[in-house]
Amino acid sequence: MIVEQPLSYPPKTGPIHLPKDGRPADVQVLNLVKTFDKIEAVKGISFNISKGEIFGLLGPNGAGKSTTINMMCGYLEPTSGDTIIDGLSVTREPMKVKRIIGVVPQEIALYKDLSSVENLEFFGEIYGLSRQERRTRAEEVLHFVGLYDRRKEPINNFSGGMQRRINMAIAMLHRPNFLLMDEPTAGVDPQSRENIFDTIEQLRDQGTTILYTTHYMEEAERL
């Protein structure tokens, strides 16, 4: 049986997730539309997210939340509309945008046979971090999500909630200005959910701008 471990944070000597340029991002979503054949999945959504804010995108399954996130981060081309993140257009400058955002997908996106630190170093290389940066940031974010003591264990040994916290750690690795979280508590137990909320609230307190999708009203109200 896998038992979820309580979070154990390192001493707070300073923020470990301050965005690269020392400030969070301002986000504008401008009339995003996405159609698949004749089906309109997203019908002209617009909203603004202030710097350092947690913005909740609430809706039932199938409402278009994941499609909206995929358009906002450049994974999916919109039928029309655009997203402006820190002054950069996602449709016109997608590669520049991807350097300043982090995405926590709804599905677990980890290599299960590798340890958590090996996963982090792998994704750190994709982000273009140097070997020393990868090692340093891997240790920092593992401390931050409370899983440093289990860094050498394969992901297969982790509970669903712990795997979701590693998903979050990967998204934080390159110090993004803006984090997009697609139902990060889906399918986890109440204790794991509280651990994830604690991490999100610390990120907010350290100045990160966050988009959080959920179909639970109580989650949106809490954050």
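Below, the figures for the structure above:
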{"quantity": "Near pairs, Cβ below 6 angstrom, 6+ apart or cross-chain, from the stretch 178-196 (over 22 Å from Thr208 (Cα atoms)) to any residue that is at pLDDT below 85", "calculated": "Gln191/Glu4"}
{"quantity": "Flag if Ser89 is of a type in the set (Gly, Ala, Ser) and farther than 26 Å from Gly44 by Cα", "calculated": "no"}
{"quantity": "Residue within the stretch 89-101 that is closer than 27 Å to Arg193 by Cα, without any contact (Cβ under 8 Å) to a residue 24 or more places away in the chain and not aliphatic (A, V, I, L, M) present", "calculated": "no"}
{"quantity": "Failed item in (1) modelled with pLDDT of 95 or more; (2) surrounded by 15 or more Cβ atoms within 10 Å (Cβ to Cβ), with Ser80 passing the rest", "calculated": "(2)"}
{"quantity": "Residue identified as outside any helix (DSSP H, G or I) and basic (Lys, Arg) among Arg175, Arg164", "calculated": "Arg175"}
{"quantity": "Matching residues in the stretch 187-196 - criterion: being part of a loop (DSSP other than H, G, I, E, B) and either of a type in the set (Ser, Thr, Tyr) or surrounded by fewer than 17 Cβ atoms within 10 Å (Cβ to Cβ) (or both)", "calculated": "Gly187, Asp189"}
{"quantity": "Positions within the stretch 103-156 being under 18 Å from the mean Cα position of the chain (by Cα) and among the hydroxyl-bearing types (Ser, Thr, Tyr), in sequence order", "calculated": "Tyr111, Ser116, Tyr127"}
{"quantity": "Lone qualifier among Phe36, Phe47 - being more than 20 Å from the chain's Cα centre (by Cα), at pLDDT 90 or above and farther than 26 Å from Pro190 by Cα", "calculated": "Phe36"}
{"quantity": "2 or more residues in contact with a Gly (Cβ under 9 Å, 6 or more places away or on another chain): qualifying strands (runs of 3 or more DSSP E) within the stretch 36-150", "calculated": "39-49, 80-85"}
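One line per residue, one yes/no per condition, for (1) over 30 Å from Thr79 (Cα atoms); (2) at pLDDT below 95; (3) polar (S, T, N, Q):
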residue: Pro94; (1), (2), (3): no, yes, no
residue: Asn119; (1), (2), (3): yes, no, yes
residue: Ala138; (1), (2), (3): yes, yes, no
residue: Phe158; (1), (2), (3): yes, yes, no
residue: Gln163; (1), (2), (3): yes, yes, yes
residue: Phe178; (1), (2), (3): no, yes, no
residue: Ala186; (1), (2), (3): no, yes, no
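The values are calculated or read from the model by the stated rules, or taken from the named source; none is laboratory data. Everything quoted here is computed from the prediction, not taken from an experiment. No Cβ is skipped: glycine too gets one built from the backbone with ideal geometry, and neighbour counts run over all protein chains shown.
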